Amino acid sequence: MRGRPTSLLLIDCWVLVLALLLLWPQRLAGYGLGHDMVFTPRQPLTWQSVGLGSAAPRAVPLDALVALASKVAPGAVIGRIALLAPLLLAGWGAARLLRPRSAPALLAVAGLAVWNPYVVERLALGQWALLWAYGALPWLVRAAGRLGCQRGWRENSQPAATMLCCLACCAITPTGALVGAGVAVAVTASRRVGRTAAVLAAVVLVQLPWLVPALTSAAGATSDPRAVAAFAARPERPGGALLSLLGLGGIWSADVTPASRAGLLGYASTAAVLAALALGVPVLRDVLGVPMWRRLLCLAGTGLLLAVAGSVPGLSALLRWAVRELPGAGLLRDGQKWLMPFVLLAVLATGAAVQRLTDWLPELPGWPAVLASLALPLVLLPDAPAVLKAPLTPVRYPVGWQQVAERVRGSDAAVLVLPFAAYRSYSWAPGRTVLDPAPRWLAAETVVDDRLVVSGTVLAGEDRTAQRVAMLLQADPPAAALARALAEQGIGWVVREADTPGPPIPELAGLQPVLLGGAIELYRVPGPVAAAAEQRGRRWWVVLLDLLTAAVVGVAIVVRAGFAARGLLHSPVTSSSEDS
């Protein structure tokens with residue numbers, strides 16, 4: 001199945017239109033701040049950014065990458081690129097992976113790749129970094145498949161460089177890194193020991209920026225098993241969680257679920273996916289080849305199993321045991337995010353099914369099929385823009401945030417943020433609950449509560465320093481005793497966010513006021529502050545391995561760019577390089 005260059009160009013434009021419709025609130029001035037998404041004017045590069053704080057390295061290397069990008073462009077620009085790029089990658093990549101002959105099939109595969117419940121719900125939850133893995137997935141499958149077919153190192157260099165770039169995109173968040181690793185290994189698996197070893201080395205390399213800090217961190221390696229139930233896939237309508245997952249939805253948070261998922265359109269989306277799988281999967285076998293087809297089916301089935309595991313009695317018990325006993329198994333607690341390979345299969349199967357229908361009905365006029373393919377994702381999920389309006393509308397931070405950031409810059413002491421809670425509700429960011437932006441504002445180690453409250457259940461955190469501070473605050477000591485205790489914990493500053501609800505704030509009379517009266521207040525802990533524990537050896541290891549990973553990925557980017565430039569120079573204007 002080969003699409004014409006002009007068709008691909010039109011499809012690329014359609015993908016851009018859909019992405020811009022979803023991100024329409026981003027046309028307004030300001031910074032992205034919604035649920036787990038936090039962008040600030042200039043995010044500082046700190047030891048916490050590379051996973052060397054007291055908290056578990058959940059946002060590594062994401063925070064470091066955003067901080068480095070902040071040295072080149074303001075956070076408002078970075079935020080918009082960070083949201084738009086994965087949507088474009090997903091739509092363009094899915095169309096090029098399948099490459100159907102007909103325009104309706106191209107429109108169907110590209111449109112559904114961008115506009116589906118999985119993408120919309122993760123965007124609404126602010127988990128844009130996970131969508132980078134989703135956007136890279138079709139390109140990764142394509143490059144890994146070509147790598148498995150090549151023999152010489154010269155022929156393998158281009159797909160190898162592409163695969164490494166895709167793995168790097170996946171690895172900006174630990175979950176994406178694991179998904180990318182599974183896909184790369186599964187697609188390239190063969191009896192050739194050398195090639196398999198090279199792929200495994202690349203997979204391990206991109207994991208190092210988060211894996212090494214996690215293995216050497218003082219934070220707890222295991223998680224609260226109650227999180228399995230709290231973050232299990234949620235049935236959006238009668239029929240159970242599996243039915244919602246088969247419709248590419250089922251996220252744990254009802255707050256970010258489109259209202260249409262609860263009614264007839266929710267059932268229609270599940271029926272459409274099942275029909276597409278029934279009609280399209282056999283076609284995919286011919287398009288992708290039997291080995292690739294089998295591996296994609298296995299990956300999709302594994303992803304679906306992990307997604308539904310927290311909602312199935314026997315599997316949920318096994319998952320709770322793993323989260324409680326096995327280091328790192330806490331990554332499995334949010335089940336629906338592992339649906340990613342299944343979503344890719346459903347998208348490809350939809351395009352293949354439309355191609356099969358157009359082949360069956362060659363006498364059918366082209367324009368009704370084109371209109372149906374254009375309308376399919378919009379009809380099945382008409383309220384996608386509505387659910388994204390509040391979390392994606394940019395905000396303007398009160399001026400006090402910049403003032404506080406300037407005062408604590410260059411300090412070796414940690415900063416405690418009050419009220420002591422992980423999420424905030426601000427009057428200047430209406431309609432959403434947001435992750436505390438202080439760690440992305442302040443150029444110092446920031447102590448925030450890493451406990452999560454889900455449906456009234458308080459899930460235990462992993463940060464030992466945060467646990468000690470929580471116990472101290474709950475004891476409500478006298479003002480002078482509080483100041484001494486904070487200094488003993490290495491905390492030299494206290495930030496009070498005055499315009500957000502949260503747990504009671506203790507008496508701060510024993511602290512020295514620095515900035516008062518605004519939306520955010522700053523206090524200095526008097527007297528000597530305990531120095532942070534020496535981490536020189538750990539820092540050397542993390543920094544060296546980060547630099548190694550960056551160097552290898554940088555070489556891959558240069559090689560990949562060289563092939564793209566050469567293809568543009570040597571290709572006729574009327575042709576199109578498959579890797580462009």
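The values are calculated or read from the model by the stated rules, or taken from the named source; none is laboratory data. As the structure is a prediction and not an experimental result, all values here were calculated from the model. Note: ideal-geometry Cβ built from the backbone for every residue, glycine included; neighbour counts use all protein chains shown.
Given the conditions (1) of a type outside the set (Gly, Ala, Ser); (2) in a helix (DSSP H, G or I); (3) at pLDDT 95 or above, report the number of the one that residue 40 does not fulfil.
(2)
Could you please let me know if residue 510 is outside any strand (DSSP E or B), at pLDDT below 90 and in the same structural domain as residue 468 (by TED's automatic domain parsing)?
The answer is no for residue 510.
Given the conditions (1) over 15 Å from the mean Cα position of the chain (by Cα); (2) modelled with pLDDT of 95 or more; (3) surrounded by fewer than 23 Cβ atoms within 10 Å (Cβ to Cβ), which single one is not true for residue 99?
Of the numbered conditions (1) over 15 Å from the mean Cα position of the chain (by Cα); (2) modelled with pLDDT of 95 or more; (3) surrounded by fewer than 23 Cβ atoms within 10 Å (Cβ to Cβ), the odd one out for residue 99 is (2).
Is it true that residue 332 is closer than 27 Å to residue 34 by Cβ and modelled with pLDDT under 95?
Here the answer is yes, as residue 332 does meet what is asked.
(1) surrounded by fewer than 21 Cβ atoms within 10 Å (Cβ to Cβ); (2) on the phi > 0 side of the Ramachandran plot: which one isn't true of residue 126, the others all being true?
Unmet condition: (1).
If residue 146 meets every condition in (1) within 20 Å of residue 186 (Cα to Cα); (2) of a type in the set (Lys, Arg); (3) part of a loop (DSSP other than H, G, I, E, B) apart from one, which number is that one?
(3)
Mind counting the residues in the range 404-446 that are at positive phi and either crowded, with 22+ Cβ neighbours inside 10 Å or in contact with a Ser or Thr (Cβ under 9 Å, 6 or more places away or on another chain) (or both)?
Of the residues in the range 404-446, 1 are at positive phi and either crowded, with 22+ Cβ neighbours inside 10 Å or in contact with a Ser or Thr (Cβ under 9 Å, 6 or more places away or on another chain) (or both).
Go through the range 234-266 and give me each residue that's part of a loop (DSSP other than H, G, I, E, B) and within 20 Å of residue 302 (Cα to Cα).
Selection gives 234, 235, 240, 247, 248, 249, 250, 251, 252.
Could you name every one of the strands (runs of 3 or more DSSP E) located completely within the range 425-501 that has at least 3 residues being farther than 22 Å from residue 34 by Cα?
Numbers: elements: 452-454, 457-459, 491-497.
Result: 491-497.
Specify which of the listed residues (545, 522, 516) is modelled with pLDDT of 90 or more, surrounded by fewer than 19 Cβ atoms within 10 Å (Cβ to Cβ) and in contact with a Leu (Cβ under 6 Å, 6 or more places away or on another chain).
Exactly one of 545, 522, 516 is modelled with pLDDT of 90 or more, surrounded by fewer than 19 Cβ atoms within 10 Å (Cβ to Cβ) and in contact with a Leu (Cβ under 6 Å, 6 or more places away or on another chain), namely 545.
Among 214, 161, 133, which is closer than 29 Å to residue 79 by Cα and touching a Cys at 6+ places or on another chain (Cβ under 8 Å)?
That would be 133, the only listed residue that is closer than 29 Å to residue 79 by Cα and touching a Cys at 6+ places or on another chain (Cβ under 8 Å).
Grab the helices (runs of 4 or more DSSP H) fully contained in the range 350-419, keeping just those with 3 or more residues being in contact (Cβ under 8 Å) with a residue 40 or more places away in the chain and within 19 Å of residue 91 (Cβ to Cβ).
Where helices (runs of 4 or more DSSP H) fall fully within the range 350-419 and carry at least 3 residues being in contact (Cβ under 8 Å) with a residue 40 or more places away in the chain and within 19 Å of residue 91 (Cβ to Cβ), they are 366-380, 384-392.
Tell me which residues, restricted to the range 524-550, are of a type in the set (Val, Ile, Thr) and touching a helix residue (DSSP H, G or I) at 6+ places or on another chain (Cβ under 6 Å).
525, 529, 542, 549
Step by step: first the residues of the range 77-96, then only those that are of a type in the set (A, V, I, L, M, F, W, C) and more than 20 Å from residue 21 (Cβ to Cβ), then the one that is surrounded by the most Cβ atoms within 10 Å (Cβ to Cβ). Which residue is that?
Of everything passing the filter in the range 77-96, 78 is surrounded by the most Cβ atoms within 10 Å (Cβ to Cβ).
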